[in-house]
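Accompanying notes for the structure given below.
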Amino acid sequence: MTLHDVNEARHHLMQTEMAYWRENNLFSGHWWFILIINLLFLVVFIMVIDRSRYTMSAFCLLLSFCLVAFVNEIGNYFGYWSYPYQFIGFLESFNAVDFMTIPVVYALTYQYFTKWKAYLIALLLVSALIEFVGMPIFVHFNFYDLHHWSPFSSFVLLFIIGVVIKSMCYFIESRDTILR
């Protein structure tokens, strides 16, 4: 097998995925739900953002978005999970029902629970709620497919991502005199 063969296979897969997205995703009920739920979470974030901590809350949202997108890329690439319905077929970071919801939840958790102990307790509860309540609902309604993955693994992963986010935001905030 050559690199040319790999590129040809990738091109064929991309064309197949785009055809599937146009025929089965775009403007479907699932597609509209993905759009509305993510816009709703973004509007809620904008409405409840702490204006005195605007820069850090916005940074936390951006960092959360990047980390969640990165983890989604890895999980999707290795076949741990997939998203039968995608918002934008060619941008994997915008592929899921949770492309904005999870980052907003992380950012609001960071905003409202500033002390580490309270944050970790809230993060445990949020991670459990997302994975043991939200995920089964999304699986049931065919927004999310688990292949070689379990809800408990997602729970642990969400918790670890939340700790990384808090650590990075705390590090930046404690070093930057402009933000204090």
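Remarks
- Between the listed residues V6, T55, Y20, the Cα displaced farthest toward the positive end of the dipole of segment 1-64, a dipole computed from Cβ unit charges relative to the Cα centre, is found at T55.
- Where K117, K166 fall by accessible area, highest first, once all protein chains stay in place (1.4 Å): K117, K166
- Segment 131-148 - phi-based ³J(HN,Hα) in whole Hz, Karplus 6.51/-1.76/1.60, Gly and Pro as x: 7, 9, 10, x, 4, x, 5, 5, 5, 4, 8, 6, 8, 8, 10, 9, 10, 10
- Surface analysis of the chain yields an accessible area of 59 Å² per residue, using protein heavy atoms and a 1.4 Å probe.
- Comparing Cα centroids, segment 114-171 and segment 4-62 end up 18 angstrom apart.
- CD proxy at 222 nm, helix term only [per DSSP H run n ≥ 4: -39500 (n - 2.57); per residue of the chain; nearest 500]: -23000 deg cm²/dmol
- Long hydrophobic helices in the chain: the complete DSSP H runs spanning 15 Å or more by Cα along their own axis with mean Kyte-Doolittle hydropathy of at least 1.6 are 29-48, 116-129.
- Global geometry of segment 1-45, whether rounded, prolate or oblate, following the gyration tensor of its Cα atoms and the 1.5 cut on a/c: oblate
- Projected onto its three principal axes, the C-alpha set of segment 78-180 covers 45, 29, 22 Å, listed from the longest axis down.
- Ligands, DNA and RNA left out, the accessible area of segment 16-87 computed with a 1.4 Å probe is 73% carbon and sulfur.
- Relative contact order of segment 87-173: 26 percent, from C-alpha pairs under 8 Å at least 6 residues apart in sequence.
- For the chain, the spread of Cα positions along each principal axis, largest first, Å: 53, 37, 29
The values are calculated or read from the model by the stated rules, or taken from the named source; none is laboratory data. It should be emphasised that the depicted structure is a prediction, and the values quoted were computed from it without experimental measurement. All Cβ positions, even for glycine, are placed from backbone atoms using ideal geometry, and neighbour counts span all protein chains on display. Calculation scope for accessible area: heavy atoms of the full protein, side chains included, ligands and nucleic acids excluded. Shrake-Rupley method; radii C 1.70, N 1.55, O 1.52, S 1.80 Å.
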